[in-house]
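Everything below concerns the one structure shown next.
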Amino acid sequence: MDIVPISRPTRVYRRCLSLYPAEFRREAEAELCRAFDASWRDARGAAHRGRVLVAVLIDLVRTIPAEWLDRLAQPRPRGDATRMETLLQDLRYALRSLKGAPVVMLVAAVTIAIGVGATTTMFSVANALLLRPPAGVVDPDRIVTIHSVSKDGSGFHSFSYPEYQDFAAAHGGLSNVAAFAPLAASLRTGDEPRLEMALQVTGDYFAVLGTRPLLGRFFNAEESRIGGPPVVVLSEALWRRRFDADPAILGKSITLNGQALTVIGVAERGFQGQFAGLDVAVWVPVELNNVLAGREVLAGRNSKWLEMLGRLAPGATRSQVAAQLSATTAEAARQAGLDADGSVAVLRYLPIPANALLPVGGFLGLLTLLAGFILLIAGANVGGVLLARASTRGRETAVRLALGAGRGRLVRQMVTESVALFSLGGLGGAALAFGATRLLAGIQPPVPVPLTFDFHPDTLVLALGLGITLVAGVVFGLAPALETTRSDPALTLREGASTFRLARGRLRGGLVAGQLAGTACLLVTAGLFVRALGKAGGIDPGFNPANVEILSLEPSVRGYDDARMIQLAQALEERASAIPGVVSVASADILPLGNSIKETQLSLPGRPAEQGVGIFNTDFAGVTPGYFSTLGIRLERGRAFTSADRTGAPAVVIINQTLARRLWPGENPIGKQLNLGSGTSATPLEVVGLAADANYRHLGEAPIPMAYFPLAQQTGNSVNLLVRMQPGRTAPTREIREALRSVDPELPVAQAGAYTTYIGMALLPNRIAMMMATAFGLTGLVLAALGLYGLISYRVQSRKREIGVRLALGASPWDIRRLVVGEGMRVTAIGLGAGLLLAGGLSRLLSSLLFGVSPLDPLTYAGIVVTLFGIGWIAAAGPVRRALETQPVEVLRHE
């Protein structure tokens, strides 16, 4: 018979079972181990295994018979206790001990709850965005995302619809493959049309994710072909919000982007697509793109606009699928007479876009690290409390050691008390995490795309929080326990508590210094962000957003072609110009420091078609003639666009200084010729203007190349109306909306308001990091101040006899004050020094988020030094007063 090897997790689980009575193990151990091993082997991924572990352990506790628990409560002869009985005895003793000091227990538990709550909250956010699949996504470990990789090694590129068809026909190790793309959707169900988030998807999209419909069905083969019937699937949230959960919604027609679509299904509750937070309201077939978006992009192999995902077939691996799909791409390109200039990458599915993993993961890692500092500070604070309690129980410990109690037994008992205290605080921390995550989920950033997050702590997060709590309880309880039991019982009993080793306070001083180090690191981080945000207000972005109102539109939802889009921009500018107080108006397809970019390729005639020699990549935007004056972008040379720069006229372009330096270093670019694109299909352009550099993607960025085209010659998918007002005039938001309704009452507004508010999104990560670091830093400051106060008070009490003798020998109040304050300043200096070194290393990782501020900014570091030394001085004030009130006669009489 074959012997099945026992996995390491199963061996650990079996060790956990040894805590229970032998009778229980004989009857149930084999069956429980088999069940655990089977569940562990079937689980895929760390998150799934974490949930399995928690569920199995909870089930184990629930299945212990009540009579065995009663038997454990009965007293047993000395030496005959099991490990479980010993643990229960230690736990009962710990609870009685904590009950005897309710104030200490409450303060310590609240302190722990703050640390555990902060850490668990950040774990919950990271888990929701990076690990936990959204509702409706089944078996995510078998789902992969597919990306095009270009010849230069850059990845995360999109695919064309013909490429999707190639992959769907070849499969390449995938049981299902699907493509999707976002779609701005206008849906009218009341008096005003509203913009909804939609996804264009291929027929297997829902099968890849594994979701099931709540009502009706998903798209079939007939509906997933070009020219198929116009159908739509609604999200459950939209069905309730806009259609009052009408059970007869199936078969009804709704108007989306001006087109009548038949509702064939409603997605299951909670399902909003494969990305966490993105509130997708409707799904339509990709094959309806020509109708709903008004763009002919389905047939072109060079039209790269689709993202793809798939589900692995049994036995297939990501590397095998990548190789097969790369071969499919190369073969299809060869048959089409095109150069196969790249490959295909197949990555593990994540609840966020794969290209966002690094920035989002790094940002969440930073916030989690800051929260971890709070937990360390809180743990050190409670460790100091436990150390102080241990010092008052020195005689009790000495008596128990003298009577034959083993040191290990006493250490285990004291650690159990620490773990019990941390567990109580951990429960409070879990409650704080549930409340904090609910508040975070309710925050709606000012973005045009609706977002909805579910940050609630799940079993994995709670298990992780429990593990951290238990480890912290052991770590911060072990040091006081070892220090307490290290003293000589005979010496302690003979000379009293005044000679007790803990009176030296070195360990407690180390714990307080650790708190101050963590606090200094948090405060430096917060200070750097505060300074950076202050500097951000003084950074010149190259344009002036003050007194500018914007109105962002998505004309594609109404099927606007290029001609109608130009007419829309002209009509809006004409009506907005008539509003009292308006200085100038303009339109653009994208805006500087917005949430989108557009890139294109320029080439120079007569130069080799090589990157950086004859071919150059650049950002670009389509703008109307008043754009530069409305945003205050300087024209260094040449002219702005005019109404004559329209369709049919010679194509012109305005470039910025950075692009001019790359194309023609040291030359005047005005009148120069270049091409939009490369090869025979390139469009000749004449440079008519040179614009000053500005910030386009991020505030404070290094200069990047930028090209401006007349909107009438280079129409995009969006129209953003810019209205500059006279200083001090009221924002004309209502008048601008009325102007839109007079032009097209069916066109929904994507975003409207002050431009300064719009570009404020560029600083959102910095503001979040600043607020979190400040909140954590102030919390740590309070805890560190309490710890320092307790340390100095303890030192004053333990040196009361020394202080009395000094006073009796003629020491002045200044000498006593210097003695006491010097104790606190030394600990503060040690902690501050360690914290500044730690902050110096951490702040270098933040350089990309600091605008014009050095990671070693001297003003920030100096401010934190002064703050912490000031806190140290304040913390010493009370103990100094008590030291000066010492009566030498009374002290010496008691001695």
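The table below gives the values:
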quantity	calculated
Residue-wise HN-Hα coupling along the range 717-727, computed from phi with Karplus coefficients 6.51, -1.76, 1.60 (Hz; x: Gly, Pro)	8, 10, 10, 10, 7, 10, 10, 8, 9, 5, x
Sulfur and carbon atoms: percent of accessible area, the range 642-783 [1.4 Å]	55 percent
Where labels lie 7 Å past Cα in the beta-carbon direction, separation of Cys33 and Thr647 in nm	7.8 nm
Whole-number percent relative contact order across the range 182-333, with pairs defined as alpha carbons under 8 Å at least 6 apart	26 percent
Förster radius 35 Å - calculated FRET efficiency between Asp141 and Glu222 (Cβ-Cβ, nearest 0.05)	0.60
The range 133-254 - percent of accessible surface contributed by carbon and sulfur, probe 1.4 Å	53 percent
Cα-projected label distance for Asn668 with Leu778, points at 7 Å along beta-carbon direction, nm	5.9 nm
Gain in span if fully extended, Gln320 to Phe363, counting 0.36 nm per residue against the direct Cα distance	12.2 nm
Virtual spin-label span in nm between Leu17 and Trp873, 7 Å along Cα→Cβ	6.5 nm
Accessible area of the range 506-615 divided out per residue, in Å², using a probe of 1.4 angstrom	39 Å²
Gain on full stretching of the segment that runs from Thr600 to Glu268 - 0.36 nm per residue minus C-alpha separation	115.5 nm
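The values are calculated or read from the model by the stated rules, or taken from the named source; none is laboratory data. All figures in this text were calculated on a predicted structure; none of them were measured in a lab. Neighbour counts are summed over all protein chains in view; Cβ atoms, including those assigned to glycine, are modelled from backbone coordinates with ideal geometry. Heavy atoms of the whole protein, side chains included, go into the accessibility calculation; ligands, DNA and RNA do not. Shrake-Rupley method; radii C 1.70, N 1.55, O 1.52, S 1.80 Å.
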